[in-house]
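Have a look at the structure below before the remarks.
The values are calculated or read from the model by the stated rules, or taken from the named source; none is laboratory data. Everything numeric here is computed off the predicted structure, so don't read it as measured data. In this analysis, Cβ positions are derived from the backbone assuming ideal geometry, glycine residues included, and neighbour counts consider all displayed protein chains.
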Protein chains: 2
Amino acid sequence: MSIKNVKGTHDIIGEEATSFTYIENLLKQIAELFGYQEVRTPVIEYSELFVRSVGESSDVVRKEMYTFLDKGERSITLRPEFTAGIIRLIVQNKLLATSELPLKTHYVGPAFRYERPQLGRYREFNQFGVEAVGINSAEIDAEVIVLSYTMLQSLNLENVLIKINTLGDEESRHNYKNALKQYFSPYLEKMCPDCHSRYELNPLRILDCKVPEDQEIVKGAPKIKDYLSKNAKEKFDYLLSLLDGLEIPYEIDDTLVRGLDYYSETVFEFHYTSRSGKDYGALGAGGHYDKLVKELGGPDVSGIGFSLGIERLYSVLKDDGLLEGYFDNDLDIYVMPIGQIDKQFVLQVTTGLRLAGYRTDQCFEDVKLTNMFKRAERKNAKYAIIIGENEIEKHEVIIKNLRTTEQETCPIDQLIETISRKMNEEDLDEEFSQNVKEG
Amino acid sequence: MSIKNVKGTHDIIGEEATSFTYIENLLKQIAELFGYQEVRTPVIEYSELFVRSVGESSDVVRKEMYTFLDKGERSITLRPEFTAGIIRLIVQNKLLATSELPLKTHYVGPAFRYERPQLGRYREFNQFGVEAVGINSAEIDAEVIVLSYTMLQSLNLENVLIKINTLGDEESRHNYKNALKQYFSPYLEKMCPDCHSRYELNPLRILDCKVPEDQEIVKGAPKIKDYLSKNAKEKFDYLLSLLDGLEIPYEIDDTLVRGLDYYSETVFEFHYTSRSGKDYGALGAGGHYDKLVKELGGPDVSGIGFSLGIERLYSVLKDDGLLEGYFDNDLDIYVMPIGQIDKQFVLQVTTGLRLAGYRTDQCFEDVKLTNMFKRAERKNAKYAIIIGENEIEKHEVIIKNLRTTEQETCPIDQLIETISRKMNEEDLDEEFSQNVKEG
């Protein structure tokens, strides 16, 4: 009997695997253009890290974490998101004391949430993201949002809309939470059990409730914008003016509160509508955090970050036909041994071409020559090297250009030289016709 | 109080992070030169997968797996190695039916083993590897070994020794296991409890026992080479002749049995001795498997693969000084705002340079100009852009070449053009002096 993959996980193969790597590398390049450096945190962290940062009132901590005891009876969790681990890394390695601020990092890798499996949503999924930590300033918020927008633009995603909101500073949120408690208090009895504990732990989380009856009640709740302190309002307005100056399209969404407890001030999501008008929801999201670094044992400084879902990006890019022509999996050379010949010789030819830097494969199966040509075609190979008994005897091979079908015999000791000359000529030809096309 | 990383895991930052990515990308490129394609399996798999493949008698399954029940009460394991998951992926996605054989894949990512933490050994570690599945032939074994050797060579690791052995075919192993049982039987009473169950489940595993007293007994045990069937011996000798023809250095090590149950026939390890003579042990290992694909529900075909430890590779490359000069984290441009000026303007300059493709950073902290120059120097920036009140008023910036210390004033609307001309000239200069050097 065969064993399947774990429910909610997925295998990444073929064009999807190539696309994931292409997307991740592109995002990485742009992050580095903006001065962000790669860091890697472990997949596993002590559970306490997420309880303390993402928060006891969040759905992520309450319901969605893969948590278990290791053989030493310590509670371990597969990271449900990256920010907490990145801040833990920054604090533990004392990076804020030794680096220019803000400390700017990027990351990529798998994260895990035990959610109800849905189309295009996985329990093990991949995220790319950044964190800029150590200075509280609207300019850095703007930089991070410009970075995210540049990333999506460079993937050729038009119609990206940034939904943005502010959760205000501590004073604003304190007043707002009180207002929410006052508002929900008379309804609470009818509301779901989760909302009861949200009411106690963090009434902001009630705004994320998925129960339809509760959502009706939420509609009438007070808005954060009416509880912002003067400072919080000024900072948000200044950020918006910076985004205007940088021509970043955004829309203020005062229902946006993000489901993790550590957020404060600026929060945002990237929404995408495909060419065909399909609304894909959020491709990613981010926000500012005031207390997280201190909460995890670091200095009293703030940070801001965002993450993008690689599965999400792949799915919209594929649906909109934006991945075509971006990567070249083609073979340079396909080596075809005819019949029961000396495999030592064939292997040496193949290996020599690979070591010379040509993407080369050889046919290992005992199939007919016509079949081998079909395979070479499927792999889009430029050249075939044909080796039969006759060739081995004379120490030569047949080189066939699979585009022009021209073929010639070549002594084995001149093979690399000949192939390399042919490849160069071809590159020049392509360049020439490119120049002609471009006028 | 601050929370630390989980015992046995490690954070990867700074030069180490850049090196990991460099190493992984290089290995990936070479794998693709050899016609191997990337696949990604989930980190989590059903525990049954590893019990059935890696085997109940292996230390990995018996002692080292991170295994837990998910919220649906299914037993889940963090992959302790990749081969089982890759074969599960190949079988489940029916790739053998739709691809040319052998199906050639490469992979990279984290794996998890609850081992005693030791210097340079982690419980969460990273591996790069390949699997070639679907045809049993010495030529493919040779290809895989050449690939591994080419990878290590391209990392400039000299003094790599391939230790190789054969575990023979089923008939050979059957006879050998009987011989082992006969040999160990009189000693068994004195041996460790683990060896007792190894004796029952798979006496080959006794050869891996780490208990010193048991190791003494193991020294006198029969050798697999004396129990090889005619076929197994012929195949191994032919493989060695292929490796000779390809000038791959190897050493037959008849104590090499590899600790996972699925191996059969060819097994190998890559040993490295540093320039200073330090023995690093195995950088990676691999082997052939006859029954694994069928055991996991696929057709009755064999495969062969190997994996390399990224942590191990990084540590030897670093110790031997082989990572220097391989990557460029340098900044192109550092933007320096003087005093309390309009940050909107500064942010637009920085963003414009980034969108033009220059790795640019700006100083966000309120520090003195001399301090900013020190920072630019630390980041090895080529140019500084200096912006004061005066420049903003006149819509210009100061461009300073940090190598020559030449500086000039430039209207803001000509900035990109000017920088791009300067960068091109510098590239040409470098090329010129390179040509002069090379004669």
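Brief remarks follow.
- Only one of the listed residues (B:Ala132, B:Ala97) is of a type in the set (A, V, I, L, M) and touching a Lys or Arg at 6+ places or on another chain (Cβ under 6 Å). That residue is B:Ala132.
- Some residue of region A:378-390 being closer than 17 Å to B:Gly35 by Cβ, modelled with pLDDT under 95 and part of a helix (DSSP H, G or I): yes
- All conditions but one from (1) buried (at least 20 other Cβ atoms within 10 Å of the Cβ); (2) farther than 20 Å from A:Gln127 by Cα apply to A:Glu251; the one that does not is (1).
- Scanning region B:113-144 for residues that are under 18 Å from B:Tyr280 (Cβ atoms) and part of a strand (DSSP E or B) gives B:Gln118, B:Arg121, B:Phe125, B:Asn126, B:Gln127, B:Phe128.
- Residues in region B:114-133 that are crowded, with 24+ Cβ neighbours inside 10 Å and either β-branched (Val, Ile, Thr) or farther than 13 Å from B:Leu27 by Cα (or both): 4 in all.
- Considering region B:33-67, the residues that are of a type in the set (Ser, Thr, Tyr) and in contact (Cβ under 8 Å) with a residue 24 or more places away in the chain include one that is farthest from A:Glu124 (Cα to Cα), namely B:Ser57.
- Elements of type strands (runs of 3 or more DSSP E) contained in region A:1-104, each with 1 or more residues being more than 7 Å from every other protein chain (Cβ to nearest Cβ) and either modelled with pLDDT of 95 or more or out of contact with any Gly (no Cβ under 8 Å at 6 or more places or on another chain) (or both): A:66-69, A:75-78
- Comparison of B:Ile23, B:Ile44, B:Ile87 shows that the only residue that is in the same structural domain as B:Leu157 (by TED's automatic domain parsing), of a type outside the set (Lys, Arg), under 24 Å from the mean Cα position of the chain (by Cα) and closer than 30 Å to A:Asn371 by Cβ is B:Ile87.
- Residues satisfying the stated conditions in region B:1-18, i.e. within 15 Å of B:Lys318 (Cβ to Cβ) and surrounded by fewer than 20 Cβ atoms within 10 Å (Cβ to Cβ): B:His10, B:Ile13, B:Gly14, B:Glu15, B:Glu16, B:Ala17, B:Thr18
- Any hit, region B:265-276, residues being surrounded by fewer than 14 Cβ atoms within 10 Å (Cβ to Cβ), assigned by TED's automatic domain parsing to the domain that holds B:Leu89, assigned to a loop (DSSP other than H, G, I, E, B) and out of contact with any Ser or Thr (no Cβ under 7 Å at 6 or more places or on another chain): yes
- Selection from region A:73-113 of residues that are in contact with a Pro (Cβ under 7 Å, 6 or more places away or on another chain) and surrounded by fewer than 23 Cβ atoms within 10 Å (Cβ to Cβ): A:Leu96, A:Ala111, A:Arg113
- From the list B:Glu143, B:Glu189, B:Glu171, B:Glu158, the lone residue that is modelled with pLDDT under 95 and closer than 30 Å to B:Ile30 by Cβ is B:Glu158.
- Condition broken by B:Gly303, with the remaining ones in (1) closer than 25 Å to B:Lys422 by Cβ; (2) surrounded by 21 or more Cβ atoms within 10 Å (Cβ to Cβ) satisfied: (1)
- Residues (more than 15 Å from B:Glu15 (Cα to Cα) and surrounded by fewer than 22 Cβ atoms within 10 Å (Cβ to Cβ)) located in region A:34-48: A:Tyr46, A:Ser47, A:Glu48
- There is at least one residue in region B:113-130 that is without any contact (Cβ under 8 Å) to a residue 60 or more places away in the chain, in the same structural domain as B:Leu49 (by TED's automatic domain parsing) and under 22 Å from A:Val6 (Cα atoms).
- Residue tally, condition in a helix (DSSP H, G or I) and either touching a Pro at 6+ places or on another chain (Cβ under 7 Å) or buried (at least 20 other Cβ atoms within 10 Å of the Cβ) (or both), over region B:166-198: 11
- Within the option set A:Leu147, A:Leu152, being out of contact with any Asp or Glu (no Cβ under 7 Å at 6 or more places or on another chain) and away from chain B (no Cβ under 12 Å) holds for one residue only, A:Leu152.
- Residues in region B:125-144 that are more than 14 Å from A:Thr351 (Cβ to Cβ) and more than 7 Å from chain A (Cβ to nearest Cβ): B:Phe125, B:Asn126, B:Gln127, B:Phe128, B:Gly129, B:Val130, B:Glu131, B:Ala132, B:Val133, B:Gly134, B:Asn136, B:Ala138.
- If you filter region A:309-349 down to residues that are closer than 25 Å to A:His395 by Cβ and charged (D, E, K, R), you find that the one that is surrounded by the most Cβ atoms within 10 Å (Cβ to Cβ) is A:Asp332.
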